[in-house]
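I have placed the structure first, in the form of structure tokens, so that the comments after it can refer back to it.
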């Protein structure tokens, strides 16, 4: 089912976008930094779409290995001031 759109624009299919966001407090306020987009998937969520989506996610994560820690490695604690 397409989303409603502005006059003169094409309807867009409904789907999901996945991103990695780092959240931290700066000066007592929450700040979000967009790290990377992992991809998107359109509905309907078929098995083939889901398999292809997760394959692309794993490829993208491999390319981001210099920006994010792998899940098996604990994050490095901050050094004391």
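Bear in mind these aren't lab numbers, they're just calculated from the coordinates by the rules spelled out. The shown structure was predicted, so the numbers you read here are calculated from the model rather than taken from an experiment. Backbone-built Cβ (ideal geometry, glycine too); neighbour counts: all protein chains shown.
For the peptides 20-30, 40-50, the ranking by packing is 40-50, 20-30, with the highest mean count of neighbouring Cβ atoms within 10 Å listed first.
What is the Cα convex hull volume of region 13-63 when expressed per residue in Å³?
Per residue, the Cα convex hull of region 13-63 comes to 85 Å³.
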